[in-house]
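*Asks:* Following this message is one structure expressed as structure tokens.
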Amino acid sequence: MTLRNGKEFLMIPGPTNVPEEVLRAMHRPAVDIYEGPLLETTGFCLHGLQRLFRTEGKTYIYAANGHGAWDAALCNTLKRGDKVLVLESGRFALGWGEAANVLDLDIEVLPGAWDKGVDPAHLQERLKQDTAHEIKAILVVQVDTASGVWNDIAALRKAIDAASHPALFMVDTIASLGCMPFEMDAWGVDVALTGSQKGLMCPPGLSFVAAGPKADLAHETAELRTNYTDWTFRQGPEHYQKYCGTPPEHLLFAFHKALDLIFEEGLEKTWHRHALLGEATRRAVTVWAEKGAVDFNITDAHARSNSVTVVRFNEGDVAALRTFTKEVCGVTIGGTIGELSGKGIRIAHMGHVNAVMLLGTLSSIELGFQKLGIPHGRGGVQAAMDYLAGAL
Ligand SMILES: *Cc1c(COP(=O)(O)O)cnc(C)c1O
């Protein structure tokens, strides 16, 4: 028997649910790329990105996924052979480091773990040893969707300052922008990047980079520039230069609408919604974990993301649970990847998500535990509701 027919939810950490308004914004003919409404859309999106990243810096739009933004950030600021320090915490910072390796950059990984955030003291200690300032850039993710960790970017900046180190500070906010506070200028981030398909509620296919003054300066002598990613060309006077060719028009219409939705809600309120949904999820997981079969991947409660919660299974059939929630209940929840592959689930609560979607998802998981005989504390959903009742 299935109860799946009805509105289906996609609760994976990207791509995420695209609002109907955003889908409808794309349903229109292509337009002129040299004049008319597209120019206004470009201006709105570039400025909207400054508001999202909280920066006065320059913003760039790429017809690419997050991996494309990784390349753009590196190519525009670094020289062949430069040393880059990658702060490990889950999968994605390492992936960015692998991209840097392909560009002939010299990668050093500051070892971290899959169950906690980057330790600022550890970073400070490593930077202090680098008296010759060989490290030219530091790469970190704010939220890692593989491990579910949230890194404290402001604290990492303080560690860099405490070591008086001049390296560029580059932050991947693909799984956090529009979900959790990010203050590019106030936190002294030199390059920030994100993608369209997670907290920003758009289809995959756009990515965004913001560059502060220190990054602009580094750009002047960067040696790895490519035609497509080059910031100098994109700063040129012609509209098509902003995209180095034909703009991805329909994705831009989508992004314009998504920005409208975020600014109508209010960015701080968007963060707050994610904080409530994230904590409600954690309350449920805390109860489920009472029987020892499942638990949080991130051991440090302070370092759990508000956009995704990763739950490890010590026993119980993960695949059967995900099949049950999808085929019987109509909600797709994420499987774990990388080192945790097959060992747990990822519950995304990022982007276009409300209480119905979250509580429905948590209920489907709890129903799955019950149906499949996976040991769990009963009343996880009740705990989520108790929390929300007190917090609203
Ligand atoms: C999803 C994700 C990426 C990869 O983005 P793609 O669009 O798949 O290239 C990179 N970093 C983080 C933190 C992510 O969550």
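The values are calculated or read from the model by the stated rules, or taken from the named source; none is laboratory data. What you see is a predicted model; the values in this text were computed from it and never measured. Cβ coordinates were reconstructed from backbone atoms using ideal geometry, including for glycine residues, and neighbour counts include every protein chain displayed.
*Asks:* Do the conditions hold for ILE160, that is, is it in a helix (DSSP H, G or I) and within 21 Å of THR55 (Cβ to Cβ)? Talk me through it step by step, then tell me what you get.
*Replies:* Details: in a helix (DSSP H, G or I): yes; within 21 Å of THR55 (Cβ to Cβ): yes.
Spelling it out, ILE160 is indeed in a helix (DSSP H, G or I) and within 21 Å of THR55 (Cβ to Cβ).
*Asks:* Restricting attention to the stretch 322-340, which residues are touching a strand residue (DSSP E or B) at 6+ places or on another chain (Cβ under 8 Å) and closer than 14 Å to MET11 by Cα?
*Replies:* Scanning the stretch 322-340 gives ARG322, THR325, LYS326, GLY330, VAL331, THR332, ILE333, GLY334, GLY335, THR336.
*Asks:* Restricting to the stretch 339-366, count the residues that are exposed (fewer than 15 other Cβ atoms within 10 Å of the Cβ), within 21 Å of CYS179 (Cβ to Cβ) and not β-branched (Val, Ile, Thr).
*Replies:* Summing the residues that are exposed (fewer than 15 other Cβ atoms within 10 Å of the Cβ), within 21 Å of CYS179 (Cβ to Cβ) and not β-branched (Val, Ile, Thr) in the stretch 339-366 gives 1.
*Asks:* Okay, next question. When you look at PHE369, is it in contact with a Ser or Thr (Cβ under 9 Å, 6 or more places away or on another chain), part of a helix (DSSP H, G or I) and crowded, with 18+ Cβ neighbours inside 10 Å, yes or no?
*Replies:* no
*Asks:* Same structure again: Does any residue in the stretch 91-116 that is part of a strand (DSSP E or B) come within less than 8 Å, Cβ to Cβ, of a residue that is small (Gly, Ala, Ser) six or more places away or on a different chain, and which pairs are these?
*Replies:* Going by the 8 Å Cβ cut-off, the qualifying pairs are ASP106/GLY81; ILE107/GLY97; ILE107/ALA100; VAL109/GLY97.
Quick grid of which residues meet (1) in contact with a Gly (Cβ under 9 Å, 6 or more places away or on another chain); (2) more than 16 Å from the ligand (Cβ to nearest atom); (3) not in a loop (DSSP other than H, G, I, E, B):
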position: ARG4; (1), (2), (3): yes, yes, no
position: CYS45; (1), (2), (3): no, yes, yes
position: GLU56; (1), (2), (3): yes, yes, no
position: TYR60; (1), (2), (3): no, no, yes
position: ALA64; (1), (2), (3): yes, no, no
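*Asks:* May I pose another question? For residues that are more than 11 Å from the ligand (Cβ to nearest atom) and either closer than 14 Å to LEU87 by Cα or more than 22 Å from the chain's Cα centre (by Cα) (or both), tally how many sit in the stretch 159-179.
*Replies:* Here the count works out to 12.
*Asks:* (1) in contact with a helix residue (DSSP H, G or I) (Cβ under 6 Å, 6 or more places away or on another chain); (2) in the same structural domain as THR145 (by TED's automatic domain parsing): which one isn't true of THR2, the others all being true?
*Replies:* (2)
*Asks:* Filter the stretch 193-222 down to the residues that are more than 12 Å from the ligand (Cβ to nearest atom), surrounded by 24 or more Cβ atoms within 10 Å (Cβ to Cβ) and closer than 23 Å to ARG157 by Cα and list them by number.
*Replies:* Start the filter on the stretch 193-222 by keeping residues that are more than 12 Å from the ligand (Cβ to nearest atom), which leaves 201, 209-222.
So of that shortlist, the ones also surrounded by 24 or more Cβ atoms within 10 Å (Cβ to Cβ) come out as 201, 209-211, 215.
If the condition is that a residue be more than 12 Å from the ligand (Cβ to nearest atom), surrounded by 24 or more Cβ atoms within 10 Å (Cβ to Cβ) and closer than 23 Å to ARG157 by Cα, then VAL209, ALA210, ALA211, ALA215 are the ones that fit.
*Asks:* Let me ask you something else. Tell me the residue from GLU35, GLU108 that is touching a His at 6+ places or on another chain (Cβ under 9 Å), away from the ligand (no atom under 16 Å from the Cβ) and not β-branched (Val, Ile, Thr), please. Let's see the steps before the verdict.
*Replies:* Values: GLU108 fails: touching a His at 6+ places or on another chain (Cβ under 9 Å).
Matching residue, one of GLU35, GLU108: GLU35.
*Asks:* Regarding the stretch 298-320, can at least one residue be identified that is free of Cβ contacts under 8 Å to residues at least 24 places away in the same chain and assigned to a strand (DSSP E or B)?
*Replies:* No.
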